[in-house]
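The values are calculated or read from the model by the stated rules, or taken from the named source; none is laboratory data. Keep in mind it's a predicted model, so treat the numbers as computed, not measured. Neighbour counts are summed over all protein chains in view; Cβ atoms, including those assigned to glycine, are modelled from backbone coordinates with ideal geometry.
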Amino acid sequence: MLKVMLTSTFIASVAAIIAPTVQANTTLFESRDVLTPQQALGRFQWLEKCYPGLLVEVSDNIFDPTTPIPNEEKIANLKKVMLYKNSALRNDAKYLTFGDEDNANPKNWFAGISPTTSCLQIPSDYRISAVMVTPAMPNYCETRSRERDYEHIKSVKFSNLDNTSSNTFYSNYVGDTAKIYADKSYQLTLTPGFSGAETYPETWHVFIDWNQDGDFKDSKEMLFAGVSEQALQVEITPPTGAKKGMTKMRVTMDYLGGSNDACKEVDSGEVEDYLLYVK
Ligand SMILES: [Ca+2]
Ligand SMILES: [Ca+2]
């Protein structure tokens, strides 16, 4: 059995289930690993399925461990505190996550986003070290590419975010969040990937919901990033009045020119959504 343990000692409040040594990194934790309330529930269910006993241990650390109550009740209590409010899923659902021994949240460790995720082994030097608060995000228009066999978005680099991926029609990345300051400029590096040796000129558009109203239609929310067969770089500066907090960034790459409309399907290429945290 691998070693997964709660690093904190007894703590009265759930909001404070953070290992004492990681207190200073709490903000980093919260913004690097963000799930929707549904996904938070999924992670909880995944833990329950894959690591029976672990949640009981967590419960013992939160509630009074000296009162003998059945394990089912302990888990029910834990769920009540982390996931449910008035019998509905909380908007600010919290979930347990893993940190490595340096207390950094593992970047590509997305285990347990849904209860159907297979029980992959948590690396042995990782431990449970924090709970997360998830934001309620608006529903953005859905889109995708029609063809993904020739070219795709290979990587997106922006501030602390550095995501390399394969060819999907559409991907919604929520496990890692780009963090930027409202008064600074940042380089965004977009790299295309090709299925064969041949490369093609790809058109890139970037959409950011700066005013956080759930669309990409407002002033300066659309950026034509250029056309290139190789990686290209653009500088992004949050416009005056950009709202602070969590928002969405959509990147589209299309061999056939793409569109100014973030909701329009891409002909050949890929669409990727990211979380962006404006500080
Ligand atoms: Ca991709
Ligand atoms: Ca908007």
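Values as computed for the structure displayed
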quantity: Given (1) at pLDDT 80 or above; (2) over 30 Å from D162 (Cβ atoms); (3) crowded, with 18+ Cβ neighbours inside 10 Å, index of the condition I62 fails; calculated: (1)
quantity: Index of the failed condition, T203 passing every other in (1) polar (S, T, N, Q); (2) closer than 22 Å to Y173 by Cα; (3) within 16 Å of ligand 2 (Cβ to nearest atom); calculated: (3)
quantity: Per-region count, the stretch 171-199, residues surrounded by 15 or more Cβ atoms within 10 Å (Cβ to Cβ) and either within 16 Å of ligand 2 (Cβ to nearest atom) or modelled with pLDDT of 95 or more (or both); calculated: 8
quantity: Where a residue in the stretch 77-93 is acidic (D, E) and its partner, wherever it lies, is part of a loop (DSSP other than H, G, I, E, B) and surrounded by 13 or more Cβ atoms within 10 Å (Cβ to Cβ), with Cβ under 7 Å and at least six apart; calculated: D92/T134
quantity: Residue match in the stretch 165-174 (condition: within 16 Å of Q233 (Cβ to Cβ) and not hydrophobic (A, V, I, L, M, F, W, C)); calculated: no
quantity: Test: residue in the stretch 57-66 that is free of Cβ contacts under 8 Å to residues at least 12 places away in the same chain and part of a loop (DSSP other than H, G, I, E, B); calculated: yes
quantity: Leading residue by the ranking (farthest from I113 (Cα to Cα)) among those in the stretch 169-208 that are among the acidic types (D, E) and within 16 Å of ligand 1 (Cβ to nearest atom); calculated: E202
quantity: Count - residues of the stretch 211-231 that are exposed (fewer than 14 other Cβ atoms within 10 Å of the Cβ) and near ligand 2 (Cβ under 6 Å from one of its atoms); calculated: 1
quantity: Residue within the stretch 209-218 that is within 16 Å of ligand 1 (Cβ to nearest atom), in the same structural domain as G241 (by TED's automatic domain parsing) and closer than 29 Å to Y150 by Cβ present; calculated: no
quantity: One residue from I236, I208 being at negative phi, among the hydrophobic types (A, V, I, L, M, F, W, C) and away from ligand 2 (no atom under 14 Å from the Cβ); calculated: I236
quantity: Subset of the stretch 99-136 (residues that are at pLDDT 70 or above and surrounded by 18 or more Cβ atoms within 10 Å (Cβ to Cβ)); calculated: I113, I122
